[in-house]
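Nothing in this text is a laboratory measurement; each read-out follows from the coordinates by a stated rule. This one's a predicted model, so the numbers in the text were calculated from it and none came from an experiment. Cβ sites come from the backbone with ideal geometry, for glycine too, and all protein chains shown count toward neighbours.
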Amino acid sequence: MKMTLTSIICVLTIALLSVVVFTSCSPNAEKKDETIQKTETANEDVPDAETINEWRQAAEQGDADAQYNLGVFYSQDDSVDKDMTEAVKWFRKAAELGHVEAQFNLALCYAKGEGVDKDTEEALKWHRKAAENGDAISQLNLGICYDNGLGVDKDIAEAVRWYRKAAEQGNANAQYLLGDCYYEGEGVIQDRSEAVKWYRKAAEQGNADAQYDLAICYYEGEGVIQDRSEAVKWLCKAAEQGLEPAKEVLKRLGEWNED
């Protein structure tokens, strides 16, 4: 019924440390590509020459937001001005001043070898700084690294610590993985009701694998009062997102119609 946390299909490689987040215990688990992060300080549209000039002046005077904005500008895929070497330059300046998004993006560049030679240690270094400064995706990815021994010694308890930080910020993938830790008793004392709590949080945000596992908990009465109707409800939500295991269970229950 349930797969252990360590048997989750690991689509994360250390070379893609900063850009991959996996979420699933299902056979069709997919990786999520996290691209350059933007904040409200970065213009969603292509900035005009005047704006770029203003950013550059501020950046050269040590303004971290302006430095970050320049990094984002030079990293835009659809920009004729794309220059990853220049993007790394400005991300680094902002990152060294403690700009969280810049730290994440600098880690991303080192992990992918964009604008700089690939360097796992540097990627981890900046990834950790971003995580320690509150970046939820970095916290999640650090958890994955500790969970699977990627670039660090395997430490499930440390993985749980980082999953929890990201989960408490509302990251659905982290909520799902934290739920799995509680379900299996990996890195924490086994607590199926706590697992259900985190599965539910992730499921309500649309995480299909959490919806599936929450359904199984309802069906089996694990950590929650047994309730077939609730199980079917969550199975349907997962199946509607294309999760094949959910479809198979619904078929066996006579609750799924391909039409």
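With each label point set 7 Å from Cα along the Cα-Cβ vector, what nm distance links residue 122 and residue 257?
5.9 nm
On full extension of the chain, what length is gained from residue 169 through residue 97, given 0.36 nm per residue of separation minus the C-alpha to C-alpha distance?
Result for the pair: 23.6 nm of gain on full extension.
Under the rule a/c < 1.5 gives rounded, and otherwise a/b versus b/c splits prolate from oblate, where does region 105-156 land using the Cα gyration tensor?
oblate
Once the other residues with Cβ under 15 Å from the Cβ of residue 96 are scored (Lys, Arg +1; Asp, Glu -1), what is the net sum?
0
Based on the mean of other Cβ atoms within 10 Å per residue, sort peptides 184-195, 134-145, 73-84 so the most packed one is first.
Order by mean packing, descending: 134-145, 184-195, 73-84.
Through the Karplus equation 6.51 cos²θ - 1.76 cosθ + 1.60, θ set to phi - 60°, convert the phi angles of region 239-255 into ³J(HN,Hα) values in whole Hz; use x for Gly and Pro.
5, 5, 8, x, 6, 4, x, 5, 4, 5, 5, 4, 4, 5, 8, x, 10
Net charge within 9 Å of residue 219 by Cβ-Cβ distance, Lys/Arg positive one each and Asp/Glu negative one each, not counting residue 219 itself?
-3
For residue 112, list the aspartates and glutamates whose Cα falls under 15 Å from its own Cα; do not include residues on the same chain fewer than 8 positions away.
Straight-distance partners of residue 112: 33, 34, 77, 83, 121, 122.
What are the ³J(HN,Hα) values, in whole Hz, obtained from phi via the Karplus relation 6.51 cos²θ - 1.76 cosθ + 1.60 with θ = phi - 60°, for each residue of region 215-226 in sequence order, with x given for Gly and Pro?
4, 5, 4, 5, 5, 8, x, 9, x, 7, 5, 4
For region 201-213, just list the computed ³J(HN,Hα) in residue order, Karplus coefficients 6.51, -1.76 and 1.60, θ = phi - 60°, integers in Hz, with x standing in for Gly and Pro.
So the Karplus estimates, Gly and Pro as x, are 4, 5, 4, 5, 8, x, 6, 5, 5, 5, 4, 5, 5 Hz.
Sum up the lysine pairs in region 118-232 that clear both bars: alpha-carbon distance under 22 Å and a spacing of 8 or more or different chains.
Value for region 118-232: 8.
Can you give the charge dipole size of region 191-259 about its Cα centre, rounded to the nearest 20 debye, using +1 on the beta carbon of Lys and Arg and -1 on the beta carbon of Asp and Glu?
With Lys and Arg at +1 and Asp and Glu at -1, about 120 debye.
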